[in-house]
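Q: One structure, pasted below without further comment.
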Amino acid sequence: MNTTEIFLLAMMLIFTIPYIVWRFGRTDYYAPLVVVQIICGILLGPGALGAVYPDYYQFVFNPQVILTLSGIAWWAVMLFVMIAGIELDIGKAWEHRRETGITAGLALGVPLVFGGIAAAGMLGYAGWIGSKAATWQFIAGVGMACAVTALPILILLMEKLEILRQPIGQRILRYASVDDIAIWGVLALILLDWERVGRQAGFLVGFGVVTFGFRRLMAALKEGDRWYVALIWLAVCGFGADWAGLHYMVGAFLAGVVMDAAWFDQTKMDNLRANVLLVVMPVFFLSTGLRTNWGVGGSAVFIAAAALLFASVSGKLIGLRIAGKVLKWAPGEASIIGWLLQTKALIMIIFANILLDKQIITNETFTALLLMAVGSTMLTVPVVHPKLRRMREIIFRSGGAATDAATSQAQRPGP
């Protein structure tokens, strides 16, 4: 076979296997299609398929095919991150800044500390820290990976639970939006390269100046032109950030966050996100699976993943419990919000990919983080769904003061 035929064979595997598992295994309750695609990416990687059938693996995923798949994966994830940036609603967070600040701060800070402790424990063993990482970069990077909330997956899960447009769903989106900004800010700090700090500072200053003109241009354009110009802007920002040493995905996030969601039709934006997930993101999941490694031993990777999962989930739940006490939430409310905010999947995988690219973590640490992300996401719906059925009135609370409960109860439709 030539390279084109092998590439198409790889694409057939990428789309066929996850769909069959998802559809005929009826996994949607605990593992949406996105999660199944991530798991299948791991199974098609060198740690599973490559170990059992090395000849077939090397034939299908040869260097030329991997290079082609990587190009598609880069653009796919840049589009996805840009959309996530556009959809951040900072205005709503500012309107409810006390409640949002307390909740988002604790939801991010506590699992960050817990994850940092787990990372410090991993440093006692060889094979986890990347070749170019300082100790603080490794601890901060792994800790932040434990604190990440995957906003796009959170949206999908809340749609499934039918709470996205309800008051509790909008509150959770505010908390996750603030944390997303903090996550990318911390990532930029971790990636700060003192040998290239002048170039990085120049990029950020230039980005700020150009953004002013870009926003005026976008406001003056018709919506049809805005979509096209946004793609050009994405490529420019991704190139600039990567040239400066910050990573192209940081540029993709910056490209999206300076655009207003009001510039675009929301239905079209939802369709674009869905189509990106359908058409090209599975290639990114496969490329992610190809980077997994069990070199330090399979049991060690699973032990590390379990420790990171415990740090992530317990950190979120404890942080939200403290927030609930401070803000006088109803009993059980903090648990529901905490479980939803610990959803990882896409954004954490993107975050971990960047850490791996910059050699802050090894492939083994990346594998442990990937397993942690899959586990945390698969736990969400089975845990939250029964809680919501028992405590339906929490769905209609707008948060904060105790009077919100009475107000929202009065607005709730009858049975």
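The values are calculated or read from the model by the stated rules, or taken from the named source; none is laboratory data. Keep in mind that what you see is a predicted model, and the values were worked out from it rather than measured. Cβ coordinates were reconstructed from backbone atoms using ideal geometry, including for glycine residues, and neighbour counts include every protein chain displayed. Areas reflect the complete protein model, heavy atoms only, side chains present, ligands, DNA and RNA absent. Shrake-Rupley method; radii C 1.70, N 1.55, O 1.52, S 1.80 Å.
Q: Using Cα pairs closer than 8 Å and at least 6 residues apart in sequence, work out the relative contact order for region 212-282, in percent.
A: 27
Q: What number, in percent, do you get for the relative contact order of region 242-381 if the mean sequence gap of Cα pairs under 8 Å and at least 6 apart is divided by its residue count?
A: Value for region 242-381: 29 percent.
Q: While we're on this one: Can you order the peptides 377-387, 309-319 by their average number of other Cβ atoms within 10 Å per residue, highest first?
A: Packing order, densest peptide first, comes out as 309-319, 377-387.
Q: Would you mind computing the Rg to Rh ratio of the chain from its alpha-carbon coordinates, Kirkwood style for Rh?
A: Computed over Cα atoms, the ratio is 0.96.
Q: Can you tell me the mean projection area, over all orientations, of the convex hull of region 71-204's alpha carbons? Units nm², please.
A: About 10.6 nm², averaged over all directions.
Q: Let me have the relative contact order for the chain, percent, based on Cα pairs under 8 Å that are six or more residues apart.
A: Once divided by the residue count of the chain, the mean separation gives 29 percent.
Q: Turning to a different aspect of this structure: Using the Kirkwood radius over Cα pairs, work out the Stokes-Einstein diffusion coefficient for region 24-116 at 4 °C and 1.567 mPa s, in µm²/s as a whole number.
A: Approximately 74 µm²/s, per Stokes-Einstein.
Q: Also, quick follow-up: Provide the packing ranking of 247-253, 180-186, 126-132, i.e. peptides ordered by the mean count of other C-beta atoms within 10 Å per residue, highest first.
A: 247-253, 180-186, 126-132
Q: Dividing the alpha-carbon Rg of region 69-131 by 2.2 N^0.38 Å yields what?
A: 1.68
Q: Counting only heavy atoms of the protein chains, get the accessible area per residue of the chain (1.4 Å probe) and round it to a whole Å² value.
A: Dividing the accessible area of the chain by its residue count gives 44 Å².
Q: Over the Cα atoms of region 137-278, Rg to Rh with Kirkwood Rh, two decimal places?
A: Across region 137-278, the Cα-based Rg/Rh ratio is 0.99.
Q: Moving on to the next point. Using the Cα atoms of region 308-376 to build a convex hull, what is its mean projected area in square nanometres?
A: Mean orientational projected area (region 308-376, Cα hull): 4.9 nm².
Q: Name the longest site-free stretch of the chain, where the excluded sites are GluC sites (Glu not before Pro) in a DSSP loop with no more than 14 other beta-carbon atoms within 10 Å.
A: The answer is 196-415.
Q: What does the convex hull of the alpha-carbon atoms of region 187-266 project to on average, in nm²?
A: With the hull built on Cα positions only, its mean projection is 5.1 nm².
Q: Of 268/358; 132/344; 160/316; 92/325, which ones are farther than 30 Å apart at the Cα?
A: In this structure, 268/358 exceed 30 Å between Cα atoms.
Q: Keeping the other protein chains in place, figure out the carbon and sulfur percent of the accessible area of the chain, with a 1.4 Å probe.
A: 66
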